[in-house]
Every structure is written in structure tokens, then in C-alpha cells.
């Protein structure tokens, strides 16, 4: 059974309490808490506070959206140890991390190996504390293409490393489905949205219901433990409530 939820950074302008309240109204099951605003890296007291708030609301912590970027974050002073400590305090079963900051076409073999080594170490450290690692599935990273994502997952070759999945905007539907099927054995959970690309390459957010046919096809191929709504039209809480109703209806 796929549980529904929200990626908290959808509403960076809201407090954790406001986000929790909104999720209760929406009737979803879980929240992925972001590390850049709502549960800052290294603030263990805040992580425990948000964990308790989530549980008391009858919700689950689906993941910790850490914004830890392999290779780059360590160089900038954000250690994975700090991220892991925070995830444990939050009670997150999974930490979402970014697989570098380079497109596959721009990544040298040395860079790919450095990212793989960093991920292997992170997966090992997290495994020892009962936490999983999931890659962001995103443009401008090593998961931008299916070929590169599979190459990276196979290079790391660790049972504690998975990937989330979302439909990459630069791909047509057929390639999105191909990417889903291609990483199906490694998928942890979904980020869910209905977006289009404008003629000038910008993101055009739509009501989630506009993507019903496409999302039903995705869910028919894979049922993740969580389907988490990320970013909504107009950054509006009211749109999230409508999107949550659509998502729950598809999964009923």
C-alpha cells in the first residue's frame, strides 16, 4: 500500500507546526522533512521536536531531505556524520542525498568515482544506524539520465543505497516511463507533481489532477511505500489540499 505525503520544502515559508497542521487537514500519511529550513543539519534538539510533533499529529516521517551533495558538501563543511545524526534524531528511515552537482555529460571518470566512493561510505555509515540512503533523481546530477543513474547505482553496489524517482521534466513521457522501469529495482519512494516545460525552458506547475493519466500509468508499474507531493501550483496550501485529494483518489 502506498502512503501519501508532502515534501516539506514545498512550503519553505511555513513553520513545521503549520506544515504538520496542513498535512492533518489534507489527510495524508507522512512528511519528508527538509534539512535546509525545517530541520537544519546538526540541530538535534529541533529534529527531536519535529519528530515528536509529527508523531503527535498521527503522521510518519517518510524521509530526511538533507540536501547533502556528495563530494561538494564535504568540501563546503557539511559532513555526512552531521546529516546522519540529525536524521536519527528525526526518526527518519531514509536520507535523501544528491548524487553530485554535475550532469553526466560533464562528469569525468574521476568525478564519478569520487561520488560513488562518497555514497558507498554514506550507505555504510547509515546502515550501521538503521537508516537508508536514497538518491535524488534530478537533472544536473549523475541521475539525470537512466544510463548514468544505473551506472552509479551499480558502481556503488551497496544494499543500503536506493533512489527516489520522479518524472524528469526534460524527458518526454516515454522516456520518463523508461527511466521508472530502468531503476525499478532500486526505487525507494516517489516525488509527485504535474509540471510542464514552457517554450523558454521554465517550469510550469499544474494542478496534480492534470497528470492523472500519466501518474496512474506510473503507479500501475510500481507502488512505492510513499508518494510525496513536491511543490504545487502557486505555492498555495489550497492547491496542496486539492492535489492531496487527487493523489489519494488514484491510490484508493
Exercise for review: Provide 210, 196, 110 in ascending order of the number of other Cβ atoms located within 10 Å of each residue's Cβ, fewest first.
Suggested key: 110, 196, 210
Review point. Which shape class, rounded, prolate or oblate, goes with the chain when its Cα gyration tensor gives a ≥ b ≥ c as root eigenvalues, a/c under 1.5 marks rounded, and past that a/b bigger than b/c marks prolate?
Key: oblate
Study note, to complete from the structure: Mean-square fluctuation maximum in Gaussian network of the chain, Cα pairs under 10 Å, restricted to 197, 171, 53, hits 197
Review point. By count of other Cβ within 10 Å, fewest leading, how are 78, 181, 119 ordered?
Key: 181, 78, 119
Review point. Quick one: Cα centre-to-centre distance for region 85-101 and region 14-70, in angstrom?
Key: 12 Å
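Report, for the chain, the % of DSSP beta bridges that are antiparallel, rounded to 5.
Numbers: 3 of 31 bridges.
Bridges in the chain that DSSP calls antiparallel: roughly 10 percent.
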Review point. What residue among 116, 62, 220 has the largest mean-square fluctuation in a Gaussian network model of the chain, using Cα springs under 10 Å?
Key: 220
Revision key, fill the gap. Most exposed first, judged by fewest Cβ atoms within 10 angstrom, 231, 11 run 231, 11
Check your understanding: When you count, for each residue, the other Cβ atoms within 10 Å and take the mean per peptide, how do 17-28, 136-147 rank with the highest first?
Key -> 136-147, 17-28
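Helix-only estimate, please: 222 nm mean residue ellipticity of the chain, summing -39500 (n - 2.57) across DSSP H runs of length 4 or more and dividing by its residues, to the nearest 500.
Details: 9 runs with 104 residues, N = 252.
Value at 222 nm, helices only: -12500 deg cm²/dmol.
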Point to revise | Whole-number percent relative contact order across region 3-251, with pairs defined as alpha carbons under 8 Å at least 6 apart | key: 19 percent
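Restricting to bridges with both residues inside region 70-207, how much of the DSSP beta-bridge set is antiparallel, in percent to the nearest 5?
Values: 3 of 12 bridges.
Around 25 percent antiparallel, to the nearest 5.
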Check your understanding: Of the beta bridges DSSP finds with both residues in region 1-96, what % are antiparallel, to the nearest 5?
Key -> 0 percent
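Each value in this text was obtained by applying a stated rule to the coordinates, not by laboratory testing. Computed from a predicted structure; not experimentally measured. Positions of Cβ are backbone-derived with ideal geometry, glycine not excepted, and every protein chain shown enters the neighbour counts.
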